[in-house]
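Structure, as structure tokens:
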Amino acid sequence: MNQEAAKCSGADSAAAFQSLMEDRRAIRRFTSESVPEHVIQQCVETAALAPSSCNLQPWSFHVIRSPELLQQLQPVCLNQNAAKAPLIIAVLARPDTWRSACTNVLKFWPEKDVPKGIASFYTGIAPFQYNQGRWGSLGLLKRLLIWWTGIKRPVMRGPNSVAEMKLWAVKSSSLAAQSLMLAFQSHGYGTCPMEGFDEKRLRKLLPIPAKAIPIMLLAVGVPGERAVYNPRLRFPIGQCVTWH
């Protein structure tokens, strides 16, 4: 491909992505039309391509299509209109899966031989970095070690507590959630990320592991009438961008 063709291809991709972002809105009302299983499968696989810290992929998804379960979810979601969607996906952050993820990186490595550096990292450095010990005791020891080492040179200062592990997992899972929304948007389906839900009742309804964190319930479907409540509002970009 010559340079002119590459530039045209890049411009087309940029325009398509810009259009995708501009078209995405929080859809509050959906039709009863179901989302095909092959579309759901492809979108979940696309979401799993999202980047994550140390490639540990600390997320999981509960795909809810059962009419009975969707009906039960409506009061859990405070009876908001978006909760009447024909498909809801619970996006969970998983600060508890780092150990199995380290093993899985080596198990599912896409080449015949795992490079020595990769094997060393996921059997030594990563387990030490993410292990907080019982009741966070190891995390406390690591914070003291990092404080002392950090006096002399730059060091990675976290995650070194149970709270920081939760934040670590939520950050990566949020990237996967955004990818999931854009994937559905590319197929022509609207989404609404719902943070308004009763987590305690959600845990009674779904088999959510105790240490998993439900970060959002994503409503998905075909936009219905008056699907978007208000015009788009974004603050001036100068308020959130600092140039150096």
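For the reader, a short list of remarks on this structure follows.
- Estimated 222 nm signal from helices in the chain, with DSSP H stretches of n ≥ 4 weighted -39500 (n - 2.57), rounded to 500: -13500 deg cm²/dmol
- Folded to 0 to 90 degrees: helix 137-149 orientation relative to the chain principal axis, Cα: 70 degrees
- Calculated over the chain: convex hull of Cα atoms, volume per residue (Å³): 216 Å³
- Relative to the longest principal axis of the Cα atoms of the chain, the long axis of helix 162-186 makes an angle of roughly 40 degrees.
- To put it simply, the accessible area of the chain at a 1.4 Å probe is 57 percent carbon and sulfur.
- The C-alpha atoms of the chain define a longest principal axis, and helix 3-23 lies at about 70 degrees to it.
- Normalised per residue, the accessible area of the chain is 62 Å², obtained with a 1.4 Å probe and no contribution from ligands, DNA or RNA.
- Extension gain (nm, one decimal) between residue 198 and residue 143, 0.36 nm per residue minus Cα-Cα: 16.4 nm
- Taking trypsin sites (Lys or Arg not before Pro) across the range 146-230, the ones in a DSSP loop with at most 12 further Cβ atoms lying within 10 angstrom of their Cβ are 152, 226.
- Cα-based radius of gyration of the range 155-208 once divided by 2.2 N^0.38 Å, which approximates compact folds: 1.52
- Distance violations [Cα-Cα > 31 Å] among 107/200; 84/107; 112/152; 116/152; 107/142; 112/142: 107/200; 84/107; 112/152; 112/142
- For the range 1-82, the C-alpha radius of gyration sits at 1.57 times the compact-globule guess of 2.2 N^0.38 Å, with N the residue count.
- Calculated over the range 121-244, the projected area of the Cα convex hull averaged across directions stands at 13.3 nm².
- DSSP loop GluC sites (Glu not before Pro) with at most 15 other Cβ within 10 Å: longest gap in the chain: 112-194
The values are calculated or read from the model by the stated rules, or taken from the named source; none is laboratory data. Small disclaimer: the values here were computed from a predicted structure and weren't measured. Note: ideal-geometry Cβ built from the backbone for every residue, glycine included; neighbour counts use all protein chains shown. Each accessible area value is taken on the protein alone, full model and side chains, heavy atoms only, with ligands, DNA and RNA left out. Shrake-Rupley method; radii C 1.70, N 1.55, O 1.52, S 1.80 Å.
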